[in-house]
Amino acid sequence: MYTGIVQACLPISSLEKKENLYRFSIEFPSDRLEKLEEGASVAINGVCLTVTEIIGKAVFFEAIKETLGLSNLNDLREGVLVNMERSARANAEIGGHLISGHVVGMADILSIEKATNNYRITFTGDDTWMKFVFEKGYLSVNGCSLTVAEMDRKLKQFSINLIPETLKRTNLKLLQRGDKVNIEVEAQTQAIVETVERVLNERFPLEKN
């Protein structure tokens, strides 16, 4: 599990593209290498990945076909900055909200509004997960725990506001219109919506033609 508080924004050091598999490395700062071992879980742009090898400060990961299809890891290049968070430890402060690192898909950036001390990004999403998005609810965007500021369900759009500290610490400041971000919906919200849907379908089944 993760907290949605990005610990570092780091460049991809190396990238090897194989059939249905990406193998890449990131050079971690010394303070983020402490007690890190092969087999550990790390969130990269909000995607839970397993450490496959550690050579010095270089930490290696592998992303398989399903992960590449669901996330923007498919667009990785050497030098691209990614958000990193190591898995939460027991008794750790939860500064954001608990996330699993299992993204449901990607959102496309429609617009970016920049003003003094205010930064708003508007996204469009997919029906498969937009039903779990609500105003003032939580979302993980590229691994960042954020609050939905505004929602337009008819247009399948939602907006988030970013404070200067979030922009400074993450790769969200680099986003441009048309870019894709990884989305993980809040687990409790998803469970409630799916439970209500199931109960309604059981009590009021749709008539088949």
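Computed values, structure above
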item	result
Strands (runs of 3 or more DSSP E) completely within region 101-174 that count 2 or more residues being over 21 Å from L68 (Cβ atoms), without any contact (Cβ under 8 Å) to a residue 12 or more places away in the chain and not hydroxyl-bearing (S, T, Y)	105-115
So A43, is it touching a residue at least 60 places away in the same chain (Cβ under 8 Å) and surrounded by 14 or more Cβ atoms within 10 Å (Cβ to Cβ)	yes
Residues of region 163-205 that turn out to be over 22 Å from W129 (Cβ atoms) and either at pLDDT below 90 or among the acidic types (D, E) (or both), as a count	5
Test: residue in region 103-123 that is among the aromatic types (F, W, Y), farther than 20 Å from D179 by Cα, modelled with pLDDT of 95 or more and surrounded by 13 or more Cβ atoms within 10 Å (Cβ to Cβ)	no
Residue list for region 1-53, restricted to those being over 20 Å from R89 (Cβ atoms), touching a helix residue (DSSP H, G or I) at 6+ places or on another chain (Cβ under 7 Å) and part of a loop (DSSP other than H, G, I, E, B)	N20, N45
A88 in contact with a strand residue (DSSP E or B) (Cβ under 8 Å, 6 or more places away or on another chain), modelled with pLDDT under 95, among the hydrophobic types (A, V, I, L, M, F, W, C) and surrounded by 15 or more Cβ atoms within 10 Å (Cβ to Cβ)	yes
Scope region 1-30; condition surrounded by 20 or more Cβ atoms within 10 Å (Cβ to Cβ) and of a type in the set (G, A, S); matching residues	G4, S25
Residue that is nearest to I192 (Cα to Cα) [pool: residues in region 121-161 that are among the aliphatic types (A, V, I, L, M) and under 17 Å from the mean Cα position of the chain (by Cα)]	V133
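The values are calculated or read from the model by the stated rules, or taken from the named source; none is laboratory data. Remember, predicted model here, so these are calculated numbers, not experimental data. Here Cβ is always computed from backbone atoms with ideal geometry, including for glycine, and neighbour counts include all displayed protein chains.
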